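The values are calculated or read from the model by the stated rules, or taken from the named source; none is laboratory data. Computed from a predicted model, the values in this text were never measured in an experiment. A quick note on method: Cβ atoms are made from the backbone with ideal geometry, for glycine too, and the neighbour counts reach across all protein chains shown. Ligands, DNA and RNA are excluded from the accessible area calculation, which covers all protein heavy atoms including side chains. Shrake-Rupley method; radii C 1.70, N 1.55, O 1.52, S 1.80 Å.
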Amino acid sequence: MSAREKIAYLKGLIDGQNLTDTPDKAKFYAALVDALDSLAVAIEEHEDVHEELNAYLEQLDEDVSDIEDELDELEGGECGCHSHDDDDEEDEYEDFDEEEYESVTCPNCGNDFYYEPALYEEDEDLVCPHCGKPFKLPEE
C-alpha cells in the first residue's frame, strides 16, 4: 500500500468512527491528515528525483565503460605509445635517486616531502606541495 493509500485509509477511519465529534477534534484530524498528505507528496517527489538520478548514473556508468574500453584498445598498441603497466610505475621509483633530493618538513602544515636542492637559489622560497604555502629553505 502506498503512502497516499494509507493516508486515505486513515482519513476513512477517522470519518467512519466519528472521531470528529467536536470542532477541535475535527480541526486536529484535518491538520494531521493534511500534514501526512504533504509528507506523501514530498516522498513521491523524492522518489521521482531518485529515479531520474539512477537513470543518469546508469548512463554515466555506460559512458565510462565505453571510454575504458576505448582506452584499453588504445593501450593495446594501436596508438604506438607505451603501455601503462605496473612495471612502468616500479621503473619510475627505481629512477628516483635519493642523493639528488632532500627531505624537508613544511613548517606550515608539518607534511614531509622531497625537493631537489640544485634547482633552488640560496634565498629562494620552497613551496609546499601539500598546503601550497612558501617557506625558506632550511639552513644546512
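Can you pull out the residues in the range 101-140 that are within 37 Å of the chain's Cα centre (by Cα) and open to solvent by 100 Å² or more (accessible area, probe 1.4 Å)?
Tyr114, His130, Lys133, Lys136
Select from the range 107-122 the residues that are in contact (Cβ under 8 Å) with a residue 24 or more places away in the chain and not hydrophobic (A, V, I, L, M, F, W, C) and list them in ascending order.
Pro107, Asn108
Give me the pairs: first residue in the range 13-34 and open to solvent by 100 Å² or more (accessible area, probe 1.4 Å), second residue modelled with pLDDT under 85, beta-carbon distance under 9 Å, and six or more apart or on different chains, which are they?
Lys27/Thr20; Phe28/Thr20
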